[in-house]
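Please read the structure below before turning to the comments.
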Amino acid sequence: MVDRRAFLKTSLLGASALALAGRVSADVAAPASKAVAAKVISTWDFGVAANRAAWAVLDKGGHALDAVETGVQVPEADLKNHSVGRAGYPDRDGRVTLDASIMDADGNCGAVAALEHIAHPILVARRVMERTPHVLLVGDGALQFALEQGFKKEELLTPESEKAWHEWLKTAHYQPSANSEVRDYGKTGLPGGHDNHDTIGMLALDAQGRLAGACTTSGMAWKLHGRVGDSPIIGAGLYVDGEIGAATSTGVGEEVIRNAGSFLVVELMRQGRTPQEACHEAVMRIVKRRPDAAKDLQVGFLAMNRHGDVGAWAIQPGFSYAVCDAQRQDTLLPAKSVY
Ligand code: GLY
């Protein structure tokens, strides 16, 4: 039997050790059960229209998971959007390969990577979450699963994307190589930058206090076939913890994966950082680890805690995020940046 005095002493020692180890958040609790103010946020200017669709779900008292799944389908279907979904630019070989993930507040998650021929990868990601014992399906296996689930096989390479690919083949600014030093993106092709921005990451808090997130992209244009970015990697492009908050990322996925970016943001919030402080610290982690590379690329983080407080930070200027709640519809805000 445990001696009560010994138990108390051990517990107190444990608490002091935690306090000495750093900032410890006292604000870790079960998700709020009372009604809260619903909110949805998402990356980039195309997040405005996506938020509107998600808000239609939240405003009716819908689930955060349904809201993010509905919202991100807007840019996935947008034929003018060349970094997400159907009209995404192809890889070096002219193949459109899509990545997506979805996660709820209880740690349920699903993802697909390098998926071809399916216009809404987010819907397949949710099926992976709900109808398989797995988290991530890739390539041909992901396509096989999607077809088994009744999704339609389509050609996703639009004439416009094909034209851009042929143009790129002529100039080939970016030759994917194991040696990252040979990259030459040109002024307008900064990876993850304004003219080559990517990824819708969306986070929602519903009126029941439930958080959820979704992330979907065609990845880096002209990538090597088979390249997978951060978006379908749980903990990199997306992470949700109902006790703390949620985070998502945009930009050069390789740098986000190296730092388990979205997980890092959520863990920093667990330690007491605000969403804004957590995003800043995660961005600085990338910059400090690879200062030479970081000045030529873009990574942005977006976070929301379980109370609906929001933060964002990026390496380069130009990253914007859309916010939608009962007070603010169609709001686009600039994120702070390192440079
Ligand atoms: N952030 C998207 C990607 O790197 O694929």
_Quick check: from the Cα gyration tensor, does the range 52-117 come out rounded (a/c under 1.5), prolate or oblate?_
oblate
*Please say if the range 241-333 is rounded, prolate or oblate, where rounded means a/c under 1.5 for a ≥ b ≥ c the square roots of the C-alpha gyration tensor eigenvalues, and otherwise the choice is prolate for a/b larger than b/c and oblate otherwise?*
oblate
_FRET efficiency, residue 271 to residue 225 (Cβ-Cβ, R0 51 Å, nearest 0.05)_ = 0.80
*Of all the accessible heavy-atom surface of the range 191-339, with the other protein chains kept in place and a 1.4 Å probe, what percent is carbon and sulfur?*
51
*Give me the number: length gained by fully extending residue 332 to residue 59, i.e. 0.36 nm times residue separation minus the C-alpha to C-alpha distance, one decimal in nm.*
96.3 nm
*Charge sum, other residues only, whose C-beta stays under 14 Å from residue 162's C-beta, Lys/Arg counted +1 and Asp/Glu -1*: 0
*the range 141-146 - phi-based ³J(HN,Hα) in whole Hz, Karplus 6.51/-1.76/1.60, Gly and Pro as x*: x, 5, 5, 4, 4, 4
_Per DSSP, loop GluC sites (Glu not before Pro) in the range 87-179 with at most 16 further Cβ within 10 Å_ = 154, 155
_Highest mean first, how do 317-330, 57-70, 255-268, 229-242 rank when packing is the count of other Cβ atoms within 10 Å averaged over residues?_
229-242, 255-268, 57-70, 317-330
*Each residue of the range 65-77 in turn: what ³J(HN,Hα) in whole Hz from Karplus with 6.51, -1.76, 1.60 and θ = phi - 60°, glycine and Pro shown as x?*
5, 5, 5, 5, 4, 5, x, 6, 5, 5, x, 4, 8
*Under a 1.4 Å probe, what is the accessible area of the range 126-172 per residue, stated in Å²?*
66
*Count the net charge of all other residues whose Cβ sits under 15 Å from the Cβ of residue 137, scoring Lys and Arg as +1 and Asp and Glu as -1.*
-2
*Tell me, what are the semi-axes, in whole angstrom and largest first, of the equivalent ellipsoid of the range 200-301 as set by the roots of 5 times the Cα gyration tensor eigenvalues?*
23, 17, 9
*Please give the per residue accessible area of the range 230-339, computed with a probe of 1.4 Å over protein heavy atoms only, in Å².*
36
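The values are calculated or read from the model by the stated rules, or taken from the named source; none is laboratory data. All of these numbers come straight from a predicted model, not from anything done at the bench. When we count neighbours, we look across all protein chains shown, and the Cβ atoms used for this are built from the backbone with ideal geometry, even at glycine. Side chains included, ligands, DNA and RNA excluded: accessible areas come from the protein's heavy atoms. Shrake-Rupley method; radii C 1.70, N 1.55, O 1.52, S 1.80 Å.
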